[in-house]
Amino acid sequence: MSMPLLDLRPLKGAAPTEKAIRPVSVAIQPDGTPFVVSRFGDDIWDWYPYLPNANLPPSRKRLDWNITLPDGSLLTDAQHAHLLDAAKDFLWSLFAQPIEGRKRPILRSLITKSFPLILLLRWMVTVGIRRFTDLNGLTLDYASAAKRTKSGVASPKTVTARLSILEDMYHQRNKLSDALMAHPWPGEAATSLAGEKQGGIHRRATTAVIPDKTLGQLASAAIDYIRNKAPEILAAAEAVEAAGEKFAASAVSKSWISIHRTEAAREAGYAGTYELIKEVTRLRTACYVLIDMFSGIRDSEMMSLSEGCIWEGSSTDGSVGLMWLHGTIYKTGVRPKRWLVPPIVAEAVRILTRVTASVRRDIEDEKEILAKKLASSSPIQRARLIKRLDIVRNAKFRLFVAKQGGVANVLCGTRMNKLLKEFCEHCGINDGDGRPYSLYAHQFRRTYAHFVARSELGDLLTLRDHFGHWSIDMTTYYADGGADEYEADTELLEMVSKEKVDRQGKIIGGYLDSDTPLANGGHWLKDWRASVRTAANKEELIKEYAGTITLNGTGHSWCVGNARGTGCGGLCVFEAQMCVECNYGIIGQEHRSAWEGIREQQMEALALDDMGPGGRARSKNILNYAEKVLRRLNGQESA
């Protein structure tokens, strides 16, 4: 990292010519010497040396000051020289001299900050303001404009970001030659003007959870690819590659090589290489789906996965085998991280390693070629070669790599989202309207938390077999042996915990806000039900009640005793009849099908001729309990 080589001296009072040559981005060459990528006076600030996130395209790693303004001119045109310089001063000051009390932001944050800054600059040009100082007294006019979008009204979160840029400029006023010298809205804050509620307790997750049915279809389609279709696809792809290498060695024309590659694809049962490439791409997407579905990691972390990223181990006492997926986290600083995963992830990683092996070989070959070119390059060529070499070195061991237009790169997030949608369309995975499901990479993380929470509650059976130990509290294993260089994804654990709390609140709320018959639990829920009916704030009281217990699911009941070490100690998972009269059990309408199944099972057992007296008595006992539960759920008998 070349961060110490950046010029962080104060900007105010610096001579224009001296300030213009200050480095704002520096790369380290293969020989260890620094190379200036961008200077303060450049029209483009390229920060690729500081943004290793492989899922980000090059356009999202740089700041282009050639901004088109409402009058058709560019911010870099001569008539806007002062405004451009002031904008650069302000944005760079946030990094070089952070706002008092705040940490130095990462450079990607400056790119994010540039979006509301650009909106402000465009508004200023529209109303004829050429200096930030002249914004004094006009900031509320901008606040009104910031709330509008082309399609209507902006969200409170978006408006807050747009208005906060003026507050930041005011805080930096003493470090800038041109700044907002008075608070933009005395006695107010950007959040309140935007109508955004304060505090995390009001926030709701905005990312959509993948519906249960769709999740099951996705998993089935992806598993079918890696377990059934992969052998044929990989064999065909390797045959086509071998044919290409064979004839390339003979120095024949490219068209001749293409002909033989097509023949190899047809011999493998495909119409041609195009159709085979589409299937290879879907196989790679299937690997992405399974890895992300069963790990819950971010897209940037997915793209950090490299060869050998699966490690097997066991809990400290050796009683439980564990499997870890190793990668890199970028959100709060670049560092190694690991995630607990079930065996299906290891299967997907193994297939993916084969799928993209040829691309990694091409990347390794390109690295050697670039190193040779760099030794005899001109200054202009050198900048381009150093940047490409940096990309290649970071990509050479990565699993999610692909060639597009003959150039090998790690897949970017935009490309991955398109491939996910294509996978859904190809596999017939549709939404409620019958259209192909619009799947996004970022949905997997919240869906994972939602699903694991419900699995731990015993509230969901779909895909359960693939989760292995997820029915046991996964937090235990994340903490187990955690004193190494690989951190656990504590944010993901918190998301799971929140989903469990939310789900538990919905379950208890459903009981308290209804008179639906229960087969057990009504004896202690009835007082809560009465309180809820007369409460001034029903929602808050339900939330308070739900927070006093912890539900564990058995499949045929809810247990509120196991988490406190009371009750049967979990034996009821195997002995369903124990829950019927238990003081710590709740049996509601959602358990009806389970008890209908228990009744049917015992009736089938009693019809057997070879059942002994003891077995027959036990079956009759369980059958009586099942029928009692069903009578209670039908309202025919009191619990």
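The values are calculated or read from the model by the stated rules, or taken from the named source; none is laboratory data. Source: prediction; values computed, not measured. Cβ sites come from the backbone with ideal geometry, for glycine too, and all protein chains shown count toward neighbours. All accessible areas refer to the heavy atoms of the entire protein, side chains included, with ligands and DNA or RNA removed. Shrake-Rupley method; radii C 1.70, N 1.55, O 1.52, S 1.80 Å.
The figures follow:
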| read-out | value |
| --- | --- |
| Acute angle (nearest 10 degrees) that the helix 212-224 long axis makes with the longest principal axis of the chain, alpha-carbon atoms | 80 |
| Sites ASP64 and ARG631 - FRET efficiency at Förster radius 56 Å, r taken between beta-carbons, to 0.05 | 0.20 |
| Taking the chain and dividing mean pair separation by its residue count, relative contact order in percent (alpha carbons under 8 Å, at least six apart) | 9 |
| Built amide H within the under 5 Å cut-off of ILE429, gap 5+ | TYR437 |
| Residues of the range 212-442: accessible area per residue with a 1.4 Å probe, Å² | 47 |
| Contour excess over end-to-end distance, with Cα ends at GLU600 and ASN136 and 0.36 nm allotted per residue | 159.2 nm |
| FRET E, pair ARG102, SER514, Förster distance 51 Å, beta-carbon r, rounded to 0.05 | 0.55 |
| Loop chymotrypsin sites (Phe, Trp or Tyr not before Pro), the range 209-290, which have at most 15 other Cβ atoms in a 10 Å radius of their Cβ (DSSP) | none |
| Within the chain, longest stretch clear of exposed GluC sites (Glu not before Pro) (DSSP loop, no more than 10 other Cβ within 10 Å) | 101-484 |
| Loop-located chymotrypsin sites (Phe, Trp or Tyr not before Pro) in the range 536-628, at most 14 other Cβ atoms within 10 Å (DSSP) | PHE574 |
| Residue-by-residue Karplus 3J(HN,Hα) for the range 135-145, coefficients 6.51, -1.76, 1.60, Hz, glycine and proline x | 6, 3, x, 10, 5, 5, 5, 5, 4, 5, 5 |
| Relative contact order computed over the range 520-639 (Cα-Cα under 8 Å; 6+ residues apart), in percent | 24 |
| Degrees between helix 273-293 axis and first principal axis of the chain (Cα, 0 to 90, nearest 10) | 60 |
| Shape category assigned to the range 86-150 from the gyration tensor of Cα positions, a/c cut at 1.5 | prolate |
| Nearest 10 degrees, 0 to 90: helix 613-633 Cα axis against the chain principal axis | 60 |
| Estimated vicinal HN-Hα couplings, Hz - the range 67-73 in sequence order (Karplus 6.51, -1.76, 1.60; Gly, Pro = x) | 8, 6, 9, x, 8, x, 7 |
| Cα-based shape type of the range 46-198, given that a ≥ b ≥ c are square roots of the gyration tensor eigenvalues and the cut on a/c is 1.5 | rounded |
| For the range 16-194, accessible area per residue (1.4 Å probe, heavy atoms of protein chains only), Å² | 45 |
| Simple spin-label estimate for LYS403 and SER192 in nanometres, 7 Å along Cα-Cβ | 6.1 |
| Average Cα contact separation per residue, the range 16-194, under 8 Å, 6 or more apart, as relative contact order % | 16 |
| Over 28 Å between alpha carbons, listed pairs LYS331/LYS500; LYS157/LYS331; LYS246/LYS372; LYS113/LYS331; LYS229/LYS254 | LYS229/LYS254 |
| Sites GLU267 and GLU364 - FRET efficiency at Förster radius 30 Å, r taken between beta-carbons, to 0.05 | 0.55 |
| Portion, in percent, of the accessible area of the chain that falls on carbon or sulfur, probe 1.4 Å | 53 |
| Separation in nanometres of the label points that stand 7 Å from Cα toward Cβ, at LYS246 and LYS543 | 6.8 |
| Loop sites in the range 82-115: trypsin sites (Lys or Arg not before Pro), DSSP, at most 16 other Cβ within 10 Å | ARG102, LYS103 |
